[in-house]
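Notes follow the structure.
What follows is calculated from the coordinates using simple rules that are stated; it is not laboratory data. No experiment lies behind these values; they were computed from the predicted model shown. Cβ placement follows ideal geometry from the backbone for every residue including glycine, while neighbour counts extend to all protein chains displayed.
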Amino acid sequence: MASPSHDLLIVGAGINGAGIARDAALRGLSVVVCDRGDIAGATSSASTKLIHGGIRYLEQAAFGLVRESLREREILGRIAAHLVRPQRFIVPHTGERPAWMLAIGLRLYDLLAGRHSLPASQRLPPDFPLLRQLGRPVSGAHAYFDLWVDDARLTLTNLMDARTHGAEVLPRHALVTASPDPAGGWRCTLAGRAGRRDIHARCVVNVAGPWVAEVERLRGAPPPPVRLVQGTHILLPRMHAGDDAWLLQQPDRRVVFVIPWDTHSHLVGTTETALDSPSASGATAAELEYLLSAIQRAFGRRLHTDDIQWAFSGMRPLIGGDGRDARTASREYRLSLDTPDGQRAWLTVQGGKLTTYRRLAETAVDLLNGPLGHATRSSTADRDLPGSGSAGSAALATLHREAGILPTDWIDALWRRHGTLTARLIGEYTRGTGDPGRDFGGGLFEAEARWCAAHEWATDAEDVMWRRTRCGVRMSPVQRAAFSSWWRAQSFA
């Protein structure tokens with residue numbers, strides 16, 4: 001019997017699967033990644049889009065998680081510079097927690113971060129101008145910094161780097177069978193749009209997130225305890241101008257973030273609703289009302305569901321069985337390695353959060369070094385993701401000088417999505433004349449759509465509108481339909 005043809009089959013192309021694929025490929029392992037949906041098609045494109053330490057976890061004494069998250073915040077701010085931006089949060093003193101408690105918590109937050117590139121937290125006086133935007137007087141506020149991130153593109157760029165180092169990425173390929181090979185490893189079958197494909201791997205990594213139990217059943221293993229919590233976000237008309245975000249404390253001791261999305265909107269979220277199964281996901285009327293009520297409470301503005309410009313929900317697959325409620329359930333991760341007979345390995349990943357994906361991946365591949373007979377170390381903390389790099393600002397300035405007839409705002413939008421790869425996109429897909437092609441609306445042009453198909457595994461129009469670019473948010477229903485029709489008419493492989 002032939003030896004396994006791959007070291008790893010990673011099931012799940014969310015942020016954790018993408019991080020493991022990158023780490024493993026950089027260490028020289030042979031990697032295949034599959035997902036029955038799109039890259040970042042579920043949880044990893046539906047987060048609050050923050051790289052943060054989790055200040056509210058300090059109340060739960062999760063100091064280790066906060067410290068690890070803050071260290072990862074610093075690393076990701078460096079290696080994914082084009083996808084992140086510093087984001088200041090204002091925490092008004094509204095009575096749910098006393099000001100002295102906020103001061104102590106934020107001071108501890110700064111201390112756990114150690115030396116870092118973001119400004120330290122500070123106390124703001126009652127006459128701080130932005131506080132006038134609130135619907136009632138407050139005794140002051142605190143401010144602190146975290147990072148905003150494009151979650152879907154962070155996932156994508158990890159897989160792009162993995163591909164550069166030999167990984168094969170197969171979105172819309174579902175794992176349908178997994179059985180032990182008597183000669184070692186696992187015999188697996190993937191089902192894709194073009195048919196079935198057999199994969200032989202020494203190790204399977206189950207990082208399917210909300211569907212981790214389904215993948216475990218394929219090998220006849222009992223499903224691990226998984227707790228599904230839904231987070232719903234809504235896009236509302238701007239509360240006010242400016243770049244500052246809010247952390248609003250709620251009477252039930254949850255928090256709601258209000259974050260600038262663009263010049264027109266604020267992103268408001270998130271809820272924490274327990275789910276029985278992935279099929280139950282979807283924004284509920286109660287969740288929408290909860291978020292709208294938080295806005296009314298803070299800003300004195302009574303908005304209705306008709307004011308919601310966009311709503312999305314993401315499932316968080318938390319470690320189950322701890323008996324906690326949704327608000328206090330652990331955001332840590334658990335890695336379970338099974339090596340039956342010493343001839344094969346199966347790694348199951350539970351929990352985790354966007355901020356700690358890189359560290360989770362590093363730990364996972366370290367754990368697999370033994371079964372795979374490797375003794376390599378991770379290099380992901382020291383290597384920029386595709387599109388990032390120290391020459392970024394100078395390269396953007398050069399693009400603007402050489403733009404010709406290209407819209408300057410489009411170049412800026414491309415830069416925020418593709419970073420230093422923007423020059424290549426423009427060079428390859430503007431027909432050599434500076435013409436970006438058809439304007440589909442919402443900031444989406446034909447040139448970028450073709451790039452997404454050729455270089456970013458986009459296979460459906462929705463992949464481009466909602467995950468590669470987010471331009472669908474600003475497209476009208478007629479424009480989205482027109483783009484979908486154009487996409488279907490192309491011969492993208």
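Structure notes:
- Ascending count of other beta-carbon atoms within 10 Å, so fewest first, for Trp410, Trp186: Trp410, Trp186
- Shape of the stretch 1-51, Cα gyration tensor, a/c cut at 1.5: oblate
- Label point 7 Å beyond Cα of Met101 along Cβ direction - residues of the stretch 34-66 with amide nitrogen under 18 Å: 54-63
- The distance between label points at Ser484 and Ser117 comes to 4.0 nm (points 7 Å beyond Cα on the Cα→Cβ vector).
- The stretch 60-110 - Rg and Dmax from Cα coordinates, angstrom: 13.7, 39
- Cα-only Debye scattering, the chain: base-10 log of I(q)/I(0) at q = 0.07, 0.09 Å⁻¹: -0.38, -0.64
- Per-residue 3J(HN,Hα) values for the stretch 6-13, derived from phi via the Karplus relation 6.51 cos²θ - 1.76 cosθ + 1.60 with θ = phi - 60°, read 9, 6, 10, 10, 9, 9, x, 10 Hz in sequence order (x marks Gly and Pro).
- Ranked by how many other beta carbons lie within 10 Å on average, peptides 340-349, 80-89 from highest: 80-89, 340-349
- Under Karplus coefficients 6.51, -1.76 and 1.60, residue-wise ³J(HN,Hα) of the stretch 296-311 in Hz, glycine/proline x: 4, 5, 7, 10, x, 10, 8, 9, 10, 4, 5, 7, 6, 7, 6, 9
- Distance from the alpha carbon centroid of the stretch 4-41 to that of the stretch 427-493 works out to 26 angstrom.
- When you work out D = kT/(6 pi eta Rh) for the stretch 392-489 at 25 °C and 0.890 mPa s, using the Kirkwood radius from C-alpha pairs as Rh and the Stokes-Einstein form, the result is 181 µm²/s.
- Estimated from helical segments only, the mean residue ellipticity of the chain at 222 nm is -9500 deg cm²/dmol, where each DSSP H run of four or more residues counts as -39500 (n - 2.57).
- Its residue count N sets the reference 2.2 N^0.38 Å, and the alpha-carbon radius of gyration of the stretch 1-152 equals 1.35 times that reference.
- For His374 and Arg85, a Förster radius of 51 Å and the Cβ-Cβ distance give a FRET efficiency of 0.90, rounded to the nearest 0.05.
- Pair Glu402, Asp244: separation of 7 Å Cα→Cβ label points (nm): 4.1
- Share of pairwise Cα separations in the stretch 129-168, more than 15 Å, in percent: 65
- Global size of the stretch 226-319 as Cα Rg and Dmax, reported in angstrom: 13.3, 41
- Per-residue Cβ neighbour counts within 10 Å put Arg202, Arg431 in the sequence Arg431, Arg202, beginning with the fewest.
- Phi angles across the stretch 175-191 convert, under the Karplus curve 6.51 cos²θ - 1.76 cosθ + 1.60 with θ = phi - 60°, into 3J(HN,Hα) values of 6, 10, 9, 8, 9, x, 8, x, 7, x, x, 10, 9, 10, 10, 10, 10 Hz, Gly and Pro given as x.
- The ranking of Met239, Met160, Met101 by Cβ neighbour count inside 10 Å, starting from the fewest, reads Met101, Met239, Met160.
- Estimated inter-spin distance, Thr305 and Arg67, nm [label 7 Å along Cα→Cβ]: 4.7
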